[in-house]
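Student: Here you go, one structure.
The values are calculated or read from the model by the stated rules, or taken from the named source; none is laboratory data. All of these numbers come straight from a predicted model, not from anything done at the bench. Using ideal geometry, Cβ is built from the backbone for each residue, glycine included, and neighbour counts are taken over all protein chains shown. Just so you know, the surface numbers come from the protein's heavy atoms only, side chains and all, with ligands and any DNA or RNA stripped out. Shrake-Rupley method; radii C 1.70, N 1.55, O 1.52, S 1.80 Å.
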Amino acid sequence: MPVKNPETTAGHFNTRNPKVTMDYLPDHNSKYKDVEYWDDRYTTEESYDWLGTLSKFQHILEEHMKKEDSILILGCGNSSMSVDIYRAGFHSITNIDYSSVCINTMAARHSDCPGMTWLQMDVRQLSFQSESFDVVLEKATLDAIMVEEKSPWEVSAQTACFIHQALTQISHCLKPGGRFISITFAQPIFRKSLYARACYDWSVRKYTYGEGFQYFVYVMTKGESLCPEDASLERKLLEETLVPPNQVTITQSDDEEDFMFNIHL
């Protein structure tokens, strides 16, 4: 049974002010992909944390991040995560988001954090030199890209291209031994098919957090080979692209879809 919109699901809900969260729910989940929706939302919304605050998964991050690391946070939004990480002692943090409203607001709000920078940028076109960061971190940013996908088994060509562009850019700006950390709703059977690719030159490891409702943290380490299981998965997927895929009939209307169903846990 699909879970309802993540902004009203236990574990996501802004318990500090649930009414504010409800006020920002879009009339259709496809709006999550539109920069205009986020610009409008960030104009008045103070803060919102998808998939929980840092305390929920800090123990996992600290296994893979050092205080002196240079960190890039993708799709930072108005989440408290960046400043919470900063206050935990990680002071070299670059935040990007494609909403100029978000970036301007967050830069002003956290101007007292030396070493923290805020840039408007598209995850598919990262304007950093190669090997710029020790850690690239995203929380639900890639999930938002996939809001209109109907089948977890057959990602559309457009979305697959978008994700590939983003992952290629991420790999390019990671230092050797650097880590791409992805925090998501998506189960391994679906997300590993996107991440476990030899062309990105990284290994993939999975962690989980949450009670009752489980979330996933994938850690990709640049310069490490895929494990045999993941390499086998990639070969299988490549073989399947050589034969016509089975047709899947979707009978549920778009209006009945919800965000969590669209990204398929």
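Student: Name the residue, out of 96, 103, that is under 23 Å from residue 176 (Cβ atoms), surrounded by 16 or more Cβ atoms within 10 Å (Cβ to Cβ) and not small (Gly, Ala, Ser). Talk me through it step by step, then tell me what you get.
Tutor: Numbers: 103 fails: under 23 Å from residue 176 (Cβ atoms).
Testing whether each residue is under 23 Å from residue 176 (Cβ atoms), surrounded by 16 or more Cβ atoms within 10 Å (Cβ to Cβ) and not small (Gly, Ala, Ser) leaves just 96.
Student: Same structure, new question: Output the qualifying pairs, or none if there are none: Cβ atoms under 6 angstrom, residues six or more apart or on different chains, first residue in segment 54-65 and surrounded by 14 or more Cβ atoms within 10 Å (Cβ to Cβ), second residue assigned to a helix (DSSP H, G or I).
Tutor: Between residues of segment 54-65 that are surrounded by 14 or more Cβ atoms within 10 Å (Cβ to Cβ) and residues that are assigned to a helix (DSSP H, G or I), the close pairs are 54/81; 54/84.
Student: Report yes if residue 133 is crowded, with 17+ Cβ neighbours inside 10 Å, closer than 28 Å to residue 201 by Cβ and touching a helix residue (DSSP H, G or I) at 6+ places or on another chain (Cβ under 6 Å), otherwise no.
Tutor: yes
Let's see how each residue does on (1) farther than 24 Å from residue 174 by Cα; (2) surrounded by 10 or more Cβ atoms within 10 Å (Cβ to Cβ); (3) modelled with pLDDT of 50 or more; (4) in contact with a Phe, Trp or Tyr (Cβ under 6 Å, 6 or more places away or on another chain):
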site: 216; (1), (2), (3), (4): no, yes, yes, no
site: 226; (1), (2), (3), (4): no, yes, yes, no
site: 231; (1), (2), (3), (4): no, yes, yes, no
site: 234; (1), (2), (3), (4): no, yes, yes, no
site: 237; (1), (2), (3), (4): yes, yes, yes, no
site: 240; (1), (2), (3), (4): yes, yes, yes, no
site: 245; (1), (2), (3), (4): yes, yes, no, no
site: 251; (1), (2), (3), (4): yes, no, no, no
site: 259; (1), (2), (3), (4): yes, yes, no, no
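Student: Among (1) open to solvent by 20 Å² or more (accessible area, probe 1.4 Å); (2) modelled with pLDDT of 95 or more; (3) touching a strand residue (DSSP E or B) at 6+ places or on another chain (Cβ under 7 Å), where does residue 74 come up short?
Tutor: So the condition that residue 74 fails would be (1).
Student: Follow-up. Just for segment 106-124: of the residues that are touching a Ser or Thr at 6+ places or on another chain (Cβ under 7 Å) and more than 16 Å from residue 135 (Cβ to Cβ), which one is most open to solvent (accessible area, probe 1.4 Å)?
Tutor: Ranking the qualifying residues of segment 106-124, first place goes to 120.
Student: Let me ask something else about it. With the requirement that a residue be over 24 Å from residue 51 (Cα atoms), among the polar types (S, T, N, Q) and either part of a strand (DSSP E or B) or at pLDDT below 95 (or both), what does segment 128-164 give you?
Tutor: 156, 158
Student: To continue, here is another question. Would you mention how many residues in segment 226-241 are under 13 Å from residue 188 (Cβ atoms) and either assigned to a loop (DSSP other than H, G, I, E, B) or in contact with an Asp or Glu (Cβ under 8 Å, 6 or more places away or on another chain) (or both)? Before the answer, list the steps.
Tutor: Let us first name the residues in segment 226-241 that are under 13 Å from residue 188 (Cβ atoms), namely 227, 229-230, 233.
This time we only want the ones that are either assigned to a loop (DSSP other than H, G, I, E, B) or in contact with an Asp or Glu (Cβ under 8 Å, 6 or more places away or on another chain) (or both), so: 227.
Looking only at that region, the number is 1.
Student: What is the one condition in (1) assigned to a loop (DSSP other than H, G, I, E, B); (2) open to solvent by less than 30 Å² (accessible area, probe 1.4 Å) that residue 212 does not satisfy?
Tutor: Result: residue 212 fails condition (2) only.
Student: From 92, 100, 127, 111, grab the single residue that is touching a residue at least 60 places away in the same chain (Cβ under 8 Å) and hydroxyl-bearing (Ser, Thr, Tyr). It would help to see each step written out before you state the result.
Tutor: Details: 92 fails: touching a residue at least 60 places away in the same chain (Cβ under 8 Å); 127 fails: touching a residue at least 60 places away in the same chain (Cβ under 8 Å); 111 fails: touching a residue at least 60 places away in the same chain (Cβ under 8 Å).
Every option except 100 fails the conditions.
Student: Kindly evaluate residue 193 against the criterion of being open to solvent by 20 Å² or more (accessible area, probe 1.4 Å), assigned to a loop (DSSP other than H, G, I, E, B), farther than 27 Å from residue 80 by Cβ and modelled with pLDDT of 90 or more.
Tutor: On the way: open to solvent by 20 Å² or more (accessible area, probe 1.4 Å): yes; assigned to a loop (DSSP other than H, G, I, E, B): no; farther than 27 Å from residue 80 by Cβ: yes; modelled with pLDDT of 90 or more: yes.
So residue 193 does not fit the description; no.
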